[in-house]
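So the structure is just underneath, and the comments pick up after that.
The values are calculated or read from the model by the stated rules, or taken from the named source; none is laboratory data. These numbers were taken from a predicted model, which means no experiment stands behind them. So basically every Cβ, Gly included, is an ideal-geometry build from the backbone, and we count neighbours across all protein chains shown. The accessibility values were calculated without ligands, DNA or RNA, using every heavy atom of the protein model including side chains. Shrake-Rupley method; radii C 1.70, N 1.55, O 1.52, S 1.80 Å.
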Amino acid sequence: MKEQLKEIKQRGMNEIQKADSLKELEDLRVKYLGKKGEVTRILRGMGKLSKEERPIIGELANVVREEITNALSEAKERQEEIALEIQLKDEIIDITMPGVKKEVGVLHPLNQSVESLEEIFISMGFKVVEGPEIETVENNFDALNAPKNHPSRDLSDTFYITEDLVLRTQTSPVQIRVMKNAQPPIRVISPGRCFRNDTPDATHSPMFHQLEGLVIDENITLGDLKGTLDVFAKRFFGDDTKTKFRPHHFPFTEPSAEMDISCFKCGGIGCNICKGSGWIELLGAGMVHPNVLEYCGIDSEKYSGFAFGMGIDRITMAKHDIDDIRLFFENDRRFLKQFK
Ligand code: DAH
């Protein structure tokens, strides 16, 4: 029996040494120390031994059991350490690695312009109103004093939906809607989309944006027009901006003018932006024609007013030195990203 115990110990120790998983170690524990295990069997069989042999074998069996138990727990500890090492290696986090950047979008440059235009005019007491993009021929042309044979009415210039309905070619019809529905004092601006039957190129788009302005009250003069637009130009393009008014013609204003601003890049010396002239053409304006006032039911003897209309695309191009209007509508992120 002594020999048998020695052999069991030898074999057990060997097997424990070779085991390389917790599962194998558990199997070995059952094999040697379990209820039906080899060492247990020997301890159980001790009854059959002589009185003299019993304590010797008993002691030896206990020693073997203890040694196997210790070897198992040591091996188990080793295996657990290895498992932990593997797990730590697998889950390693390199905190020096660059993170995943979340890019934040930007407001479209045209919307940025609309926001700052609204802020500027609201601070001067204007209200923001909107009109429909599908407009009556009456509001878009007739009420604005456009002669029946005005070239802008042509099919080649205007998108007609029916004989009486068009995609508005300007935001000026919003003036008509406001004046038909309210008595002075009136002070409104109206930004929005307009449409003309133009072939797209660097400076033309069949869909573009305008901002219309209208002020009607007693004693409104050309001086009010010039002062208001001068404040706007300085606020939008910078304090050093100078304005200049040139005579022009629009059917719905009399007198009419175009306003230029001094070039904000060269300050008036002449550069690529102002094409050497030192000035940039910015918007149309004028004193509201009495015919327009009367058409809308406003007494032109008592009231006067001014109106202006600017291309939002155009002033945004001027402000940011953009040379092609189509860039606004292509949604190329490389272009849009510049307006952060
Ligand atoms: N509607 C004009 C255009 O599209 C711009 C304009 C000029 C608007 C003079 C006005 C104005 O209100 O007074 O060219």
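Counted residue by residue at 0.36 nm each, then reduced by the alpha carbon distance between them, the extension gain from THR96 to LYS18 reaches 24.1 nm.
Near CYS194, the amide H atoms lying under 5 Å from its own belong to PHE208, HIS209, GLN210; only residues 5 or more places off or on other chains count, and H is placed 1.01 Å from N. For the cross-link pairs LYS226/LYS302; LYS265/LYS340; LYS180/LYS242; LYS2/LYS36; LYS148/LYS180, the ones whose C-alpha atoms lie over 29 Å apart are LYS180/LYS242.
Computed on protein heavy atoms with a 1.4 Å probe, the accessible areas place LEU43, LEU107 in the order LEU107, LEU43, largest first. Measuring between their Cα centroids, segment 278-340 and segment 165-222 lie 8 Å from each other. Fully extending the segment from ARG54 to ASP142, taken as 0.36 nm per residue of separation minus the present Cα-Cα distance, adds 19.0 nm. Phi angles across segment 322-335 convert, under the Karplus curve 6.51 cos²θ - 1.76 cosθ + 1.60 with θ = phi - 60°, into 3J(HN,Hα) values of 9, 9, 9, 4, 5, 4, 5, 10, 8, 6, 7, 4, 5, 6 Hz, Gly and Pro given as x. By the Cβ rule of 4.7 Å, the chain holds the following cysteines without a possible disulfide partner: CYS194, CYS296. Under a crude label model (7 Å from the Cα following the beta-carbon direction), how far is HIS248 from GLU330 in nanometres? Calculated label separation equals 2.8 nm.
For segment 109-339, the share of accessible area belonging to carbon and sulfur comes to 49 percent (1.4 Å probe, ligands and nucleic acids excluded). Computed in the context of the full set of protein chains, the accessible area of segment 2-90 at 1.4 Å probe radius has 52% of its extent on carbon or sulfur. Overall shape of segment 133-196 was characterised from the C-alpha gyration tensor. The equivalent ellipsoid obtained from it has semi-axes of 22, 13, 10 Å, in decreasing order.
Couplings 3J(HN,Hα) of segment 242-252, computed from phi: 9, 10, 9, 10, 10, x, 8, 9, 9, x, 9 Hz, in residue order, whole Hz [Karplus 6.51 cos²θ - 1.76 cosθ + 1.60, θ = phi - 60°; x for Gly and Pro]. Look at where the Cα atoms of segment 72-133 and of segment 136-159 average out, and the two centres are 51 Å apart.
Taking other residues whose beta carbon is less than 12 angstrom from the beta carbon of PRO290, and scoring Lys, Arg as +1 and Asp, Glu as -1, yields -3.
For the pair GLU133 and LEU155, the difference between a 0.36 nm per residue extended length and the Cα-Cα distance amounts to 6.2 nm. Applying the Karplus relation 6.51 cos²θ - 1.76 cosθ + 1.60 with θ = phi - 60° to segment 213-219 yields 3J(HN,Hα) values of x, 8, 10, 10, 6, 6, 6 Hz, where x marks Gly and Pro. Place a label point 7 angstrom from the Cα of VAL231 along the Cα-to-Cβ direction, then list the residues of segment 198-216 whose backbone nitrogen is under 11 Å away. Under cut-off, by backbone N: nothing. Here TYR295 sits with roughly 100 square angstrom of accessible surface, probe radius 1.4 Å.
Computed from the C-alpha gyration tensor, the three semi-axes of the ellipsoid equivalent to segment 109-339 are 28, 23, 16 Å, from longest to shortest. Relative to the 2.2 N^0.38 Å rule of thumb, segment 25-158 has a C-alpha radius of gyration ratio of 3.31.
Accessible area per residue for segment 130-236 is 47 Å², calculated with a 1.4 Å probe on protein heavy atoms, without ligands, DNA or RNA.
Between ASP94, ASP240, ASP198, the GNM of the chain built on Cα springs shorter than 10 angstrom shows ASP94 fluctuating the most. Take GLU80: with every protein chain present and a 1.4 Å probe, its accessible area is about 90 Å².
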